[in-house]
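The values are calculated or read from the model by the stated rules, or taken from the named source; none is laboratory data. Fair warning: this is a prediction, and the values are worked out from it, not measured in the lab. Methodologically, a virtual Cβ is constructed for each residue, glycine included, from the backbone with ideal geometry; neighbour enumeration extends over all protein chains shown.
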Amino acid sequence: MKVQRKMCATCIYRKDSPLDIKELERQVADRLGGFRTYRACHHAGTDVCCRGFWDRHKDKFQLGQIAQRLGFVRFVDVDELH
């Protein structure tokens, strides 16, 4: 599982973000209080987990839990919008 090494400059999880995080999280939430999947980093494409999402929720979605247990988390530096 690929996870951004650090938050991008415009990460939705930055403290100064004007976006409604709760609404954005509802888009990937499940009905049990966790998440169906991760929030993709908007600078890296769909196959890289957002670092802000990872820091807050890595234990709240199955892929994140499994990847951590098996040692399959790989931190990457991908920025397609630099």
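Here are a few things to note about the model shown:
- Of the helices (runs of 4 or more DSSP H) lying entirely inside the chain, the ones with 2 or more residues being of a type in the set (Asp, Glu) are found at 21-26.
- Contact map, the range 38-57: first residue on the phi > 0 side of the Ramachandran plot and surrounded by fewer than 19 Cβ atoms within 10 Å (Cβ to Cβ), second residue outside any helix (DSSP H, G or I) and not β-branched (Val, Ile, Thr), Cβ cut-off under 9 Å, separation 6 or more or different chains; pairs are GLY45/GLU80.
- Selection within the range 58-77 - in contact with a Gly (Cβ under 9 Å, 6 or more places away or on another chain) and surrounded by 15 or more Cβ atoms within 10 Å (Cβ to Cβ): LYS58, LYS60, PHE61, VAL73
Yes or no, residue by residue, for (1) modelled with pLDDT of 90 or more; (2) touching a strand residue (DSSP E or B) at 6+ places or on another chain (Cβ under 9 Å):
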{"position": "LYS2", "(1), (2)": "yes, yes"}
{"position": "ALA9", "(1), (2)": "no, no"}
{"position": "SER17", "(1), (2)": "yes, no"}
{"position": "ARG36", "(1), (2)": "yes, yes"}
{"position": "ARG69", "(1), (2)": "yes, no"}
{"position": "ASP79", "(1), (2)": "no, yes"}
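- Any hit, the range 7-19, residues being among the hydrophobic types (A, V, I, L, M, F, W, C) and either free of Cβ contacts under 8 Å to residues at least 12 places away in the same chain or surrounded by fewer than 12 Cβ atoms within 10 Å (Cβ to Cβ) (or both): yes
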